[in-house]
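The values are calculated or read from the model by the stated rules, or taken from the named source; none is laboratory data. The structure displayed is predicted, hence computed values, not measured ones. Neighbour counts are summed over all protein chains in view; Cβ atoms, including those assigned to glycine, are modelled from backbone coordinates with ideal geometry.
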Amino acid sequence: MSRVIKIDPITRVEGHGRVTLHLDEEGAVEAARFHVVEFRGFEKFCEGRHFSEMPTLTERICGICPVSHHLAAAKALDVICDVTPPPTATKLRELMHMGQLIQSHALSFFHLSAPDLLLGFDAPPAKRNIFGLIAEQPELAKKGIGLRKFGQDVIAAVAGRKIHPDFCVPGGVNRALASTDRDALSARIADAKSWVHDGLTLLRGYLEQHREFVARFATFPSYYLCLTTPDGDLEHYDGLLRVKDGAGKLVEDRYDPANYLSLIAEATEDWSYLKFPFYRPAGYPEGSYRVGPLARLNNCERIGTPEADAELAYFRSLATDGAMVEASMYFHYARLIEILFGIERVEQLLSEPDILSDDLIAESTNLKSEGVGVIEAPRGTLFHHYFVDEHGSIEKVNLIIASGQNNQAMNQAVTQVAREHVRGNALEEAMLNKVEAAIRCYDPCLSCSTHALGQMPLRVQLYDVEQRLRSEISR
Amino acid sequence: MSNVRLSINEREIDCAAGTTILNACKAHDIDVPTLCHFEGLTDVGACRLCIVEIDGMRRPISSCTTPVENGMVVRTHTPRLQTLRRQTLELLFGERNHICPFCPRSGNCELQNRGYEHGVDHVRFDYLFPKLPVDNSHRYIAFDHNRCIMCTRCVRACDEWVGAHTLDVDERGGLSRIIADQNVPLGESSCVSCGTCVTVCPTGALFEKRSAHWHGRSTKEFKETICTGCGVGCRIRATVQLRQVGELHAAGGPDNNRILCEKGRFWLTHPGSARINNVLIRVGGQFEQRDVDEVVQECARRLRSVSIQKDPQRVVALLSGHLPLETLNATQSFMRDVVGSDRWVIADRSNTQSTRAALDIDSGLPPLAGLKELDRADLFVVIGANLERNAGVVASYVRRGVLHRRARLLKINPRHTWLTDWTDVHLESERRRDPMILAAMLKYLIDMGAADAATMPTDLSKKLKRFDDDDISIACGIDATQIKQMAALYAAAEAPMIICGRGLSKHGPTGLIGALNIVRATGNQTADGKWRLMDLALQANTYGARLFEEPGLNMHDFDPHSADIAFLVLGDSQREWPRTWLQKLRAVTYVVAFLTREREDVLAASHAVIPTATWSERGGTYVNLEGRLQVGAPLMQPPSHAVDEIAFFQKLSNEWKAAQDAWDVPPLPAACDGVADGALLSCRDDRDRAVDWTTLRELTEA
Amino acid sequence: MAKKRIATVWLCGCSGCHMSFLDLDDRLIDLAAMADVVASPIVDVKDFPKCDIGLVEGGVANEENLEVLLKLRAASDTLVSLGDCAGFGCVPMLRNQFSNQDVLDRAYIDVESTAFGAVPTIEVPQLLPKVKPIHEHVKVDAWIPGCPPSADRIWKAVGALLRGEVADGDTLEYD
């Protein structure tokens, strides 16, 4: 008799997913699958609309990182309209993007994952959440909330509101930064930095303390993909693609993101609405690659801001065999380093002399038929690719979403952790929570990935070999 | 008109009979919600939001289509009405695919606002989810039928104001949909691209592609100025966001004009080429970015040269008629008073010497009718004009006159073919014979007793008498009976309006004088003493430019080798420059161009390029084709790279001349003294004019 | 007074309303004092216990959405539609103009970057023919429109519900 365990839904991730664990007779995990169960269809229903709506339409793909889609759309439209935004517009876009990096990473770490690390994987499920954290460690919870708020407030100050702003237009942005907002944000930088340093200290402590556990928790080689500056430094808003393999060898560098179709492709599996992107030259599934904070810090030469670069040195020391940092748990560490980078970058951008300029829209006198907009969303590289006709109607849309590119890795992580920690004959809730935690490392934004979301209770279902349901346990 | 007394919401109200209940409410600050109502359009009672309860009537009725009656007791905001309104709004939301979050109109949408006012937090009816098209085929406008509420404001504006009637309604009930022509894409339709439909649309169904998202969710703020697209001089309201002009709407103005044409609405905001952001100096074959002072010094050096000291006429200047009077005035004064050259010209093809001769401009403008008179005319004679292209607003006034007031339409050599079915007489003659046709028309008017020969020089009326139909047929190259028919229609009309275009004036002054002869001899004057004649000015300041002394440069016979320096003061001017002129300029030793945007042939001829402020960044005085003086306000500050032409010439004068010869920019022409913004300049009309009959006689004898 | 119990779900939406909920920031601490969030995508309890207030983000797009919605309706005293997707269908509703097959084919088969494409069928919930707002499926007690509704708006409405008041006619916002 074989059994299937479902973890449904996976909670404390931004989206709708479920895991099935296939057990053998002894209750050991044979196979694990991470299913994404939502689908909305943006690729189709954007067709026929005028391109100017894309930034505000596609940001509705995701409420967690709307700014990423808003920016990727705007960048694709810059190409289509054949314009370069004025310098201040580009800076404001990046400033907003940094706000998003901070808030999204803060959410992932403090609100969603910290309860596992600080309260324990085996803490009662009813307590193992941000409210539990508020009760147990109010000071830390406040710092996490404060960091996320700072990020959201950067977005609101720049773009007019926190979620789903109407800010970017082809060739620029439609709102100037007010000096009062600039000053107010500048005044909060020191606090924000100290909070993230506290978080870093805490996490480093955890990692030291659980070195063995962490090193074995969903650790495997893969390719890594992200944008970097032409010099190979960390870059989120613009830049060129870089790919390293599992041994840390540079296999692609300064790759023009507009040619992404030659670099990556997506496979589908019939059990998930989330597609499986892979590095094209290596094929599927061998070309499995990871994106996001871990990939960015593994791939970059330097970060480019002093405090974050200091943390990068410690990060590098965590590498397996001195090459790449592979354990999924280190995503959390990379994420906090990026928060620090984000705050430093906000500080730099706010002190740019022309940041208050109102020269913000470059006019277009030409229309091209195709545009690719690529940015580093908090969770990884995000591609928006539009085709338009001579009137500006969208003909086709292709979206490759950050979280989706970690799909294979998440499946690998789930399988590894399940095999290690789940014993089907003596099932404990904490075992299943560890499986979920493996996914939380990747902070998958499933609303993005499938362009939708949802949720259901956890059920463990016992099937016989004919796949008939024999019994069911709920929690 | 008699007065009516009624009660609205327990208030006794007096208003004129015939007023709608809605307008009575508006007049007394009672806010009745509406969607399909739009000030100035015929009310149709389509949206049912303005329903009111009237005592004695079983059902609520639409207040926009119901006239007030004595003793009526009206209630506008009973719970029952509010319930019905909310229900109506929910039906509107559920009928099509209204999705506010990514709509460019969100925050400025009337449907949304009505929804908020009536507490529509969800729709209780099942959504219909119709599959509807988004029509992006138009160059400037997107039409998303998902957001259309069938208020038909666009249909009515296109018909009633624009006179185009491109838009209409297809099908009925729930299937009804706005269509263009016989259901073709808007971009392939008869649309005249005036954008009026976008202005009146209450939702995001019709939006401007370029600037739709430039305002985010903030409420649009408008600034007023005047259109520099042509001599009609419409007042415009512009949304200004950051350093960009978003939408342009008609601002009413003295003539309460509600429409713009393609030029005013879209051309001003859709430049065809890139802005020039630096002072450029040609070094070898390439332009290099330099400082403006280098150009000043180089000009001064050249002005000091022996050849120019000996013959100041070797300095020439070409100005655009789209520039404000201040810039034109300073430049022409610099040429006359500092350089000592009268070789300058305003490069406006409608500002020819023949027009000046015909209208006797040098000492004042003739009192000619304006836009408002077009709305009263019952007959239009259109001569040698491409109204649609050069004066779209005039075209709209003519079209709506013909379509809605059944005004007659007589066309002589027009460049367009619209309203073909509605044209009473259409003469296709050789263009140079237009003056003959007008003379012949005058003769027939005299013969019919419709024109008073006594107002004309006796030799003219005598000469006219001599010709018979055969002479005229030969002279005009067309059957004289057609001209006779025209004269008869003109004689029968109460307020006939003659509209002359450049096709008439470019062949000498006789045509325009002929037209003026007709209106004078027939006493065709408005109540305030203006002649019902419109001379279409192609450029914003064509008339303003006529206030200066006559310029001495004629580009037709201009020899480029006779000039050492040419100043091209062009501003935004892109279109009115004949290629041949610019090619000639290539032979001039040193050409300084002042302009805002790259234009290949200008750059090819120039040795130095000075970037200037664009129309929206400069204020200034303009005189429109009826002699109205208008002051445009700058919508925004010019960018730091923009050089002011007046300041440039002042600097050049200071650099060149000694202190005792210092030049100050003189005031505007005396005619503008003390004239308020929007007032008519004093017009002069004290001269009899006579047709040059030599040509006519020669032709007849041939 | 016993602490009120709140459950939240997201169905076919973008999670923006939940993010706006988290934008309560420091007020989350106040909220924790007034109420227990007993089930939510941000907490780990995976079935709906009985609760006073159920907040629903997102419309109903697939079988699973509907199943969850029915369960929450049964579990909660007051069911609140949070945001435009739950209340109006909003952006996901754009799908309704196409057949499900067309939409899925475009996403999984036709798209430029797809290699080895096929439409997923196993272990994924089937799409319903049309995406609809939740009140077309269950009785809804209150609506908070907005895309997303701002944290202030949520605080005001939820605060009123916690105090047992009817959420008053606050000014609306659809975007």
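Here are some notes:
- Odd one out for B:M150, checked against (1) touching a Ser or Thr at 6+ places or on another chain (Cβ under 9 Å); (2) in a strand (DSSP E or B): (2)
- Any hit, segment B:78-101, residues being over 23 Å from C:A142 (Cβ atoms), within 13 Å of chain C (Cβ to nearest Cβ) and under 35 Å from the mean Cα position of the chain (by Cα): no
- Among residues of segment A:191-216 being within 18 Å of A:A323 (Cα to Cα) and of a type outside the set (G, A, S), the one that is surrounded by the most Cβ atoms within 10 Å (Cβ to Cβ) is A:V214.
- For segment A:148-158, the candidate set comprises residues that are within 21 Å of the chain's Cα centre (by Cα) and within 14 Å of chain B (Cβ to nearest Cβ); within that set, the residue that is surrounded by the most Cβ atoms within 10 Å (Cβ to Cβ) is A:I155.
- Within segment A:401-423, residues that are under 17 Å from A:L225 (Cβ atoms) have Cβ atoms under 6 Å from residues that are assigned to a helix (DSSP H, G or I) and β-branched (V, I, T) in these pairs: A:M410/A:I439, counting only partners at least 6 apart in sequence or on another chain.
- Identity of the residue in segment A:122-134, more than 7 Å from chain C (Cβ to nearest Cβ) and in a helix (DSSP H, G or I), that ends up nearest to the chain's Cα centre (by Cα): A:L133
- Matching residues in segment A:381-415 - criterion: being of a type outside the set (V, I, T), within 14 Å of chain B (Cβ to nearest Cβ) and in contact with a helix residue (DSSP H, G or I) (Cβ under 7 Å, 6 or more places away or on another chain): A:Y386, A:H391, A:G392
- Residue within segment B:147-166 that is within 14 Å of chain A (Cβ to nearest Cβ) and either over 30 Å from B:T327 (Cβ atoms) or not aliphatic (A, V, I, L, M) (or both) present: yes
- Residue check for B:E39: surrounded by 13 or more Cβ atoms within 10 Å (Cβ to Cβ) and part of a loop (DSSP other than H, G, I, E, B): no
- Selection status of A:F131, modelled with pLDDT under 95 and either surrounded by fewer than 24 Cβ atoms within 10 Å (Cβ to Cβ) or more than 30 Å from A:I80 (Cα to Cα) (or both): yes
- For segment B:169-184, a residue qualifies if it is touching a Ser or Thr at 6+ places or on another chain (Cβ under 6 Å) and exposed (fewer than 14 other Cβ atoms within 10 Å of the Cβ), and exactly one does: B:V169.
- Top-ranked residue in segment B:493-523 [being in contact with a strand residue (DSSP E or B) (Cβ under 8 Å, 6 or more places away or on another chain), in a helix (DSSP H, G or I) and aliphatic (A, V, I, L, M); ranked as farthest from B:C230 (Cα to Cα)]: B:I518
- Screening A:V19, A:V83 for residues that are touching a strand residue (DSSP E or B) at 6+ places or on another chain (Cβ under 9 Å), more than 7 Å from every other protein chain (Cβ to nearest Cβ), crowded, with 24+ Cβ neighbours inside 10 Å and not in a helix (DSSP H, G or I) leaves exactly one candidate, A:V19.
- Looking only at residues in segment A:167-183 that are within 8 Å of chain B (Cβ to nearest Cβ) and outside any strand (DSSP E or B), the one that is nearest to A:T56 (Cα to Cα) is A:F167.
- Subset of segment B:560-597 that is in contact with a strand residue (DSSP E or B) (Cβ under 8 Å, 6 or more places away or on another chain) and of a type in the set (D, E, K, R) - its residue that is farthest from B:G321 (Cα to Cα): B:D564
- Unique match (being surrounded by fewer than 24 Cβ atoms within 10 Å (Cβ to Cβ) and either closer than 24 Å to A:L263 by Cα or of a type in the set (D, E, K, R) (or both)) among A:N406, A:N398: A:N398
- Checking A:R188, A:R182 one by one, the residue that is surrounded by fewer than 19 Cβ atoms within 10 Å (Cβ to Cβ) and either basic (K, R) or in contact with a Cys (Cβ under 9 Å, 6 or more places away or on another chain) (or both) is A:R188 and no other.
- Condition met for C:K139 (part of a loop (DSSP other than H, G, I, E, B) and of a type outside the set (A, V, I, L, M, F, W, C)): yes
- Considering (1) on the phi < 0 side of the Ramachandran plot; (2) over 29 Å from the mean Cα position of the chain (by Cα), the lone condition that A:G392 does not fulfil carries the number (1).
- Single residue of B:T166, B:T152, B:T239, B:T219 found to be at pLDDT 95 or above, farther than 18 Å from B:G392 by Cα and either outside the structural domain of B:C261 (by TED's automatic domain parsing) or of a type in the set (S, T, Y) (or both): B:T152
Rundown of residues vs (1) touching a residue at least 40 places away in the same chain (Cβ under 8 Å); (2) within 14 Å of another protein chain (Cβ to nearest Cβ); (3) within 30 Å of B:A537 (Cα to Cα), yes/no style:
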| site | (1), (2), (3) |
| --- | --- |
| B:G253 | yes, no, yes |
| B:E262 | yes, no, yes |
| B:R275 | yes, yes, yes |
| B:G284 | no, no, no |
| B:V296 | yes, no, no |
| B:Q309 | no, no, no |
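- Segment B:97-138: number of residues that are without any contact (Cβ under 8 Å) to a residue 60 or more places away in the chain, assigned to a loop (DSSP other than H, G, I, E, B) and in contact with a Phe, Trp or Tyr (Cβ under 9 Å, 6 or more places away or on another chain): 11
- Any chance A:I145 is assigned by TED's automatic domain parsing to the domain that holds A:H111, touching a residue at least 60 places away in the same chain (Cβ under 8 Å) and either part of a helix (DSSP H, G or I) or surrounded by fewer than 24 Cβ atoms within 10 Å (Cβ to Cβ) (or both): no
- Residue list for segment C:122-156, filter: over 30 Å from C:N100 (Cβ atoms) and crowded, with 22+ Cβ neighbours inside 10 Å: C:I154
- Some residue of segment B:155-163 being among the small types (G, A, S) and either surrounded by fewer than 21 Cβ atoms within 10 Å (Cβ to Cβ) or under 23 Å from the mean Cα position of the chain (by Cα) (or both): yes
- Restricting B:G246, B:G252, B:G272, B:G187 to those that are under 23 Å from A:L367 (Cβ atoms) and either within 13 Å of the chain's Cα centre (by Cα) or modelled with pLDDT of 90 or more (or both) reduces the list to B:G187.
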